[in-house]
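Coordinate-derived values only; no laboratory data. Given the structure is predicted, the values throughout are model-derived calculations rather than measurements. In this analysis, Cβ positions are derived from the backbone assuming ideal geometry, glycine residues included, and neighbour counts consider all displayed protein chains.
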Amino acid sequence: MRAVDVIDKKRRGEELTPDELRFLVEGYVAGRVPDYQMSAFLMAVVWRGMTAEETFALTRLLAESGETLDLSAIPGIKVDKHSTGGVGDKATLVVLPLVASVGVPVIKMSGRGLGHTGGTIDKLESIPGFRTNLGVQELVEQVERIGIALGGQTADLAPADKKLYALRDVTATVESLPLIASSVMSKKLAGGADAIVLDVKVGDGAFMKSLADARRLARLMVHLGEAAGRRTVAVLSNMDQPLGSAIGNALEVAEAIRVLAGEGPFDLAEIALALAEEMTVLAGVAATREEARRKLRQSVADGRALETLRRWIAAQGGDPRVVDDPSRLPQAPVVKPCLPKKAGFVAKLPALAFGLAAMRLGAGRAAKDDTIDPSVGIVVHAKVGDRVQTHRPIFTVHARTEEDALRCIEELEAVVEISDDPVETPPVILARID
Ligand code: URA
């Protein structure tokens with residue numbers, strides 16, 4: 001077999017056999033297939049697509065390229081959660097302790113963020129002392145002890161995907177449904193969970209800009225999970241504006257704490273509850289989504305959700321006092337409010353612009369090795385559809401310097417739109433696919 005013939009076959013739009021895909025992927029990881037041939041292949045996939053069978057074969061190859069976790073030592077049905085990524089998306093920080101508090105065992109490997117704001121690991125590391133470099137054995141033991149653990153992704157999980165993703169990033173080949181679906185699902189399969197809940201973001205601040213594309217991606221990922229024998233459900237949610245109010249690592253932790261106390265913003269609480277509900281049913285802890293919702297709400301109301309968060313933080317070396325006193329989280333030296341230029345109704349609060357502005361403040365990474373400042377970010381005080389007045393801030397910037405704050409305000413004032421006429425509040429959850 002020659003790589004050039006396999007590339008040519010895909011370029012002509014034909015279906016590849018699992019052996020042909022294996023030849024390319026294994027050859028690439030071993031260094032026999034060079035970057036330039038893999039790049040040509042990826043571009044052919046972007047244009048020609050892949051059948052469901054090809055996509056499944058690719059997913060398995062990526063998943064099996066490294067370690068696959070065996071979580072059978074943990075009793076119960078283990079459910080993983082994955083978000084395709086968005087601005088202000090701190091749902092994992094809410095969902096994990098929430099489901100653990102009703103008896104769903106959770107073990108999760110998360111990544112650091114690149115671009116926009118930080119990833120879950122970055123957010124958790126804003127808690128003084130919180131350790132995320134736990135080995136698999138340590139994670140498993142912690143779940144056995146307290147029902148919840150989260151660690152950084154080990155280098156050994158789907159290493160072929162890591163290498164391919166880096167190549168896709170610099171060859172304009174990220175945006176392909178089969179490539180995105182196989183990349184995401186390979187890591188989920190290697191992570192060893194019995195069931196998977198996917199949060200597929202749709203809109204300005206997400207990979208998928210249209211609902212139709214997001215549906216196709218969600219259907220494909222659900223198919224891949226089910227074909228691998230893992231119950232998989234996808235929830236499609238809005239990412240045209242930031243999720244919740246806070247963007248920036250410590251600010252997002254503080255907001256997640258408020259939601260677990262029953263006080264946070266409606267949209268974040270709604271998506272967290274929807275995802276937690278799915279996980280609780282898949283884990284067999286509730287028979288229906290309605291029953292799950294009742295249990296989860298009860299856990300927030302009686303303080304068990306918050307107590308689970310305290311125990312989780314303490315177990316991973318963090319200071320659990322942040323839960324009752326968020327001022328113990330890193331605080332930015334400059335806090336500057338922005339007043340709207342006119343009164344009216346918020347019509348646009350574009351997620352991507354807010355994410356990039358927060359990144360420039362130091363909340364995210366422009367390059368892989370950039371360091372993050374956990375204290376900086378933006379808090380929005382009004383969402384699309386809300387009425388604003390000129391004497392009340394529409395958002396507040398938390399920055400390292402006065403100059404950074406002013407630049408951020410100027411940048412965002414140019415993209416926020418306020419309408420004279422009432423604007424409808426957009427829905428949070430757009431669809432559910434199982
Ligand atoms: N996230 C991933 O893990 N892979 C992709 O291809 C896109 C988003």
_Rg to Rh, two decimals, where the chain supplies the alpha carbon set and Rh follows Kirkwood_ = 0.97
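GluC sites (Glu not before Pro) within the stretch 226-273: which are DSSP loop residues with at most 11 other Cβ atoms inside 10 Å? Before the final figure, lay out the partial values.
On the way: sites: Glu226, Glu252, Glu255, Glu263, Glu270; in loops: Glu263.
Answer in residue order: Glu263.
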*Rounded tilt (10° steps) of 35-48 against the dominant C-alpha axis of the chain*: 80
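Over all directions, the average projected area of the alpha-carbon convex hull for the stretch 37-89 comes to how many nm²? Could you put the intermediate results ahead of the total?
On the way: hull surface 26.7 nm².
Taking the Cα atoms of the stretch 37-89, their convex hull projects to 6.7 nm² on average.
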_Students often check this: by mean Cβ neighbours within 10 Å, which of 180-189, 137-146 ranks highest, and how do the rest follow?_
180-189, 137-146
*Return the percentage of antiparallel bridges among DSSP beta bridges fully within the chain, rounded to the nearest 5 %.*
50
*With θ set to phi - 60°, apply the Karplus curve 6.51 cos²θ - 1.76 cosθ + 1.60 along the stretch 295-310 and write out the HN-Hα couplings as whole Hz, x wherever there is a Gly or Pro.*
5, 5, 4, 4, 5, 5, 5, 9, x, 5, 4, 5, 5, 5, 4, 4
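Hey, fewest Cβ within 10 Å first, where do Val233, Val259 land in order? Before the final figure, lay out the partial values.
Values: Val233 22, Val259 26.
Listed from fewest to most nearby Cβ atoms, that is Val233, Val259.
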*Could you name the lysines in cross-link range of Lys209, using Cα to Cα under 22 Å and dropping any fewer than eight places away on the same chain?*
Lys81, Lys90, Lys201, Lys348, Lys383
*List, largest first, the extents of the alpha carbons of the stretch 79-323 along their principal axes, each in whole Å.*
48, 36, 35
*Report ³J(HN,Hα) in whole Hz for each residue of the stretch 92-100, in order, from the Karplus equation J = 6.51 cos²θ - 1.76 cosθ + 1.60 where θ = phi - 60°; Gly and Pro get x.*
4, 5, 8, 5, 4, x, 5, 6, 4
*How far is helix 402-413 tilted off the main Cα axis of the chain, in degrees rounded to 10, range 0 to 90?*
80
*Enter the mean projected area of the convex hull around the alpha-carbon atoms of the stretch 195-325, in nm², rounded to one decimal.*
9.1
*What is the set of long-range amide H partners of Val388 at a cut-off below 5 Å, with H atoms built 1.01 Å from backbone N?*
Gly344, Phe345, Val346
*Once amide H atoms are placed 1.01 Å from N in the peptide plane, what residues at a sequence separation of 5 or more from Lys201, or on another chain, have their amide H within under 5 Å of its amide H?*
Thr84, Gly85, Ser237
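Can you give the translational diffusion coefficient of the stretch 92-222 in µm²/s, computed by Stokes-Einstein from the Kirkwood radius over Cα pairs at 25 °C and 0.890 mPa s? Present the calculation step by step, with values, prior to reporting the outcome.
Working: Rh = 16.3 Å.
This corresponds to a translational diffusion coefficient of 151 µm²/s.
Explain nothing, just the number: relative contact order of the stretch 3-49, from Cα pairs under 8 Å at least 6 residues apart, as a whole percent.
On the way: 31 pairs, mean separation 24.1, N = 47.
Normalised by residue count, the contact order of the stretch 3-49 is 51 percent.
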_the stretch 205-261: Rg to Rh, with Rh as the Kirkwood radius over Cα pairs_ = 1.11
*asked:* Can you compute the radius of gyration and Dmax for the stretch 3-49, using only the Cα atoms, both in Å?
replied: 9.7, 26
*To the nearest 10 degrees, how steeply does helix 159-169 sit against the main Cα axis of the chain, on a 0 to 90 scale?*
70
*Rounded, prolate or oblate: which one fits the stretch 287-434, using the alpha carbon gyration tensor with axes a ≥ b ≥ c (rounded when a/c is under 1.5, else prolate when a/b beats b/c, else oblate)?*
oblate
*Under 14 Å from a label point 7 Å along Cα→Cβ of Ala172: give me every residue in the stretch 40-68 with its amide N that close.*
40, 43-44, 46-47
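Taking the Cα centre of the chain as origin, sum charge times position over the Cβ atoms of Lys and Arg (+1) and Asp and Glu (-1), and report the length of that vector in debye to the nearest 20. Write out the running numbers ahead of the final one.
On the way: 53 positive and 59 negative charges, 40 e Å.
Taking the Cα centre of the chain as origin, the dipole is about 200 debye.
Using the Kirkwood formula on the Cα atoms of the stretch 1-158, what hydrodynamic radius do you get, in angstrom to one decimal? Walk me through the intermediate numbers first.
On the way: mean 1/r = 0.0547 Å⁻¹.
Its Kirkwood hydrodynamic radius stands at 18.3 Å.
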*Per-residue Cβ neighbour rank within 10 angstrom, fewest leading, Asp204, Asp70*: Asp70, Asp204
*Arranged by the count of other C-beta atoms within 10 angstrom, fewest first, what order do His82, His391 take?*
His391, His82
